[in-house]
Amino acid sequence: MPEGDSLYRFAARLRPALVGKPILAVRSHGPGPVPQVHRIVGATCTGVRSQGKNMLISFDNGLALRGHLRMHGTWHVYQPGEPWSRPEREARLVLEVEDAVVVNFSAPVIELIEERALEHYGPVSNLGPDLLDDDFDPGEALRRLRDSSRADLTIGDAIMDQRALAGVGNIWKNESLFHAGINPWRRVRELSDEALLGLIGKAQALLRASVGKPNALDLKRRPSMYVYGRAGQPCRRCFARLRSGPQGVDIRHTTWCPKCQPVVEGQMEPPVRTRSVQPRGVNAGEPS
Ligand SMILES: [Zn+2]
């Protein structure tokens, strides 16, 4: 699933292709065409930004497109006439400007909304602070993680709750928990504020590193994976065999090191499994 850092990179790619240019043509395809999308034809794109895992494309007539890629969606930019790497029937949305064609493939969510309604529109307004925002507020993320509705969640679930903090998907969940030394199966209520702030700090640093921003881990490029996709392999730090198990309502695979991220007394037992799990979407030619 594309995470906050992927959306940030997609927005950086779309921005020079679209901003300041009038939309000459738009097409949308199933699962159900995007209602009213013809209303942006003739409007000029005024901005492209990511917010958490959302893409927001604004126009000078007060409308905005919101896209959410979920598991398999992606954004491509082509020159006019350039062959696409995927068939047109897979295109969800096609935006044509004078010198570029922007194509969304396979996004389940593409919708046209009034820009002024965004701040009251749940899928955007309910998001927690964005880890890639330069003004990211870790205290606010902590406050939201501490909400009583999340006290009994495992931290592996809670860190992916976009209403607590926006940007973390399965990859950075696994990696942030490893770098923070926290077992993914611990409940939020079992963790101290210090531990949660440490975890938030690791997630922020990893996402910032992934998009080339200065970060607290002082990483200069996209961080290499310590646990994600490495179930059953030796830990890069202590050589213990990494464990893996399904976690959360979406049954995402979580991988952790039993030594670097130890269970604590009284904690819910994680499922016992060490078989190798090949995550989908990795090495598929898209930033994941
Ligand atoms: Zn280890």
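The values are calculated or read from the model by the stated rules, or taken from the named source; none is laboratory data. Only a predicted model underlies this, so the values are computations on that prediction, with no experimental measurement involved. Note that we place each Cβ from the backbone using ideal geometry, even for glycine, and neighbour counts take in every protein chain shown.
Of the residues examined, VAL227 is one that is crowded, with 19+ Cβ neighbours inside 10 Å and β-branched (Val, Ile, Thr).
Okay, residues lined up against (1) over 30 Å from ALA91 (Cβ atoms); (2) among the hydroxyl-bearing types (Ser, Thr, Tyr):
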site: ALA107; (1), (2): no, no
site: TYR121; (1), (2): no, yes
site: ASP133; (1), (2): yes, no
site: SER149; (1), (2): yes, yes
site: LEU153; (1), (2): yes, no
site: GLY156; (1), (2): yes, no
site: ALA180; (1), (2): yes, no
site: GLU190; (1), (2): yes, no
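Within region 204-234, restricting attention to residues that are in contact with a helix residue (DSSP H, G or I) (Cβ under 8 Å, 6 or more places away or on another chain) and hydroxyl-bearing (Ser, Thr, Tyr), the residue that is nearest to the ligand (Cβ to nearest atom) is TYR226. Of the candidates LEU196, LEU219, the single residue that is of a type outside the set (D, E, K, R) and touching a residue at least 24 places away in the same chain (Cβ under 8 Å) is LEU196.
For region 235-249, a residue qualifies if it is in a loop (DSSP other than H, G, I, E, B), more than 7 Å from the ligand (Cβ to nearest atom) and in contact (Cβ under 8 Å) with a residue 24 or more places away in the chain, and the qualifying residues are LEU242, GLY248, VAL249. Taking the criterion of being free of Cβ contacts under 8 Å to residues at least 40 places away in the same chain and closer than 14 Å to TYR8 by Cα, the residues of region 47-106 that qualify are GLY47, VAL48, ARG49, HIS76. Taking helices (runs of 4 or more DSSP H) as the structural unit, those lying wholly within region 75-169 and holding at least 1 residues that are surrounded by fewer than 19 Cβ atoms within 10 Å (Cβ to Cβ) and on the phi < 0 side of the Ramachandran plot correspond to 122-125, 138-145. If the condition is being over 17 Å from GLY73 (Cα atoms) and in contact with a helix residue (DSSP H, G or I) (Cβ under 7 Å, 6 or more places away or on another chain), then region 1-47 contributes ILE23, VAL26, CYS45.
Results for (1) β-branched (Val, Ile, Thr); (2) surrounded by fewer than 20 Cβ atoms within 10 Å (Cβ to Cβ); (3) assigned by TED's automatic domain parsing to the domain that holds GLY167; (4) more than 20 Å from ALA164 (Cα to Cα), shown as yes or no for each residue.
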site	(1), (2), (3), (4)
ARG189	no, yes, yes, no
LEU199	no, no, yes, no
LEU207	no, no, yes, no
SER210	no, no, yes, yes
PRO214	no, yes, yes, yes
ASP218	no, yes, yes, yes
SER244	no, no, yes, yes
GLN247	no, no, yes, no
